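Enquirer: Quick one: this structure, given as structure tokens, is what I'll be asking you about.
The values are calculated or read from the model by the stated rules, or taken from the named source; none is laboratory data. Values in this document were obtained by computation on a predicted structure and should not be read as measured data. Note: ideal-geometry Cβ built from the backbone for every residue, glycine included; neighbour counts use all protein chains shown.
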Amino acid sequence: MTVFRPPFGSYNDRVLEIAQNEFNYDVIIWSVDTSDWLHGDNAAPAFQEWVNAVADGGVEKSYIGLHHDPYSGHTNLTQMTIDLLKSANISITTVADCIGRPMFV
């Protein structure tokens, strides 16, 4: 793996130094927190949380969204998100594509 998302987004200079210098990881932080985990398996309110988070974040060109996957309903949430982005002609890509490095080596 070549990328690292610090748990809870919590990091400091020492964490960055270790991740980058000792493990050669790119540290990735989300720009939009959807708070989707608050709704368990219920995709509809989680989807609205995502819509609100994107709107509140003033997202114009790009963002990295924090989505969680511990609930079966989040499969629906992912599909709802993809459908909305595609209908708005917004490209979906991976972090690996954005930084030009493979996720796994």
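Enquirer: For the range 64-105, how many residues are surrounded by 14 or more Cβ atoms within 10 Å (Cβ to Cβ) and of a type in the set (Phe, Trp, Tyr)?
Expert: 1
Enquirer: If you don't mind, another one. Is there any pair linking a residue in the range 7-28 that is within 18 Å of Met103 (Cα to Cα) to one that is basic (Lys, Arg), with Cβ under 9 Å and at least six apart or on different chains, and which?
Expert: The qualifying pairs are Asp26/Arg101; Val27/Arg5; Ile28/Arg5.
Every residue, every condition in (1) in a helix (DSSP H, G or I); (2) under 13 Å from the mean Cα position of the chain (by Cα); (3) of a type in the set (Ser, Thr, Tyr), yes or no:
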residue: Ile18; (1), (2), (3): yes, no, no
residue: Asn24; (1), (2), (3): no, no, no
residue: Ile29; (1), (2), (3): no, yes, no
residue: Ala46; (1), (2), (3): yes, no, no
residue: Trp50; (1), (2), (3): yes, yes, no
residue: Ala96; (1), (2), (3): yes, yes, no
residue: Arg101; (1), (2), (3): no, no, no
residue: Val105; (1), (2), (3): no, no, no
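Enquirer: Across the range 9-34, which residue is nearest to Trp50 (Cα to Cα) among those that are among the polar types (S, T, N, Q) and surrounded by fewer than 15 Cβ atoms within 10 Å (Cβ to Cβ)? Write out each step before concluding.
Expert: As a first pass, look at the range 9-34 and keep what is among the polar types (S, T, N, Q): 10, 12, 20-21, 24, 31, 34.
Subset that is surrounded by fewer than 15 Cβ atoms within 10 Å (Cβ to Cβ): 10, 12, 20-21, 24, 31.
Working: Ser10: 21, Asn12: 27, Gln20: 30, Asn21: 34, Asn24: 31, Ser31: 12 Å.
In this case the residue turns out to be Ser31.
Enquirer: Also, I was wondering about something else. If you take the residues of the range 27-38 that are closer than 19 Å to Ser62 by Cβ and among the polar types (S, T, N, Q), which of them is modelled with the lowest pLDDT? First the steps, then the outcome.
Expert: The first filter runs over the range 27-38 and keeps only residues closer than 19 Å to Ser62 by Cβ, leaving 27-34.
With the extra rule that they be among the polar types (S, T, N, Q), the set shrinks to 31, 34.
Working: Ser31: 81, Thr34: 74.
Checking each candidate, the answer is Thr34.
Enquirer: May I ask you to list pairs of residues, at least six apart or on different chains, whose Cβ atoms are under 7 Å apart, with the first in the range 80-96 being modelled with pLDDT under 85 and the second being loosely packed, with under 11 Cβ neighbours inside 10 Å and part of a loop (DSSP other than H, G, I, E, B)?
Expert: Within 7 Å, the pairs are Leu85/Ile92.
Enquirer: Please list, ordered by first then second residue, the pairs with beta carbon atoms under 7 Å, 6 or more apart or interchain, first in the range 36-48 and closer than 13 Å to His67 by Cα, second in a helix (DSSP H, G or I) and among the aromatic types (Phe, Trp, Tyr).
Expert: Between residues of the range 36-48 that are closer than 13 Å to His67 by Cα and residues that are in a helix (DSSP H, G or I) and among the aromatic types (Phe, Trp, Tyr), the close pairs are Asp36/Trp50.
Enquirer: Give me a count of the residues in the range 39-67 that are among the basic types (Lys, Arg) and at pLDDT 75 or above.
Expert: Looking only at the range 39-67, we keep the residues that are among the basic types (Lys, Arg), and these are 61.
Pick out the ones that are also at pLDDT 75 or above and you get none.
So the count comes out to 0.
Enquirer: Could you please let me know if Asp41 is surrounded by fewer than 16 Cβ atoms within 10 Å (Cβ to Cβ) and part of a helix (DSSP H, G or I)? If you could, list the steps in order and put the result at the bottom.
Expert: Numbers: surrounded by fewer than 16 Cβ atoms within 10 Å (Cβ to Cβ): yes; part of a helix (DSSP H, G or I): no.
Answer is no for this residue.
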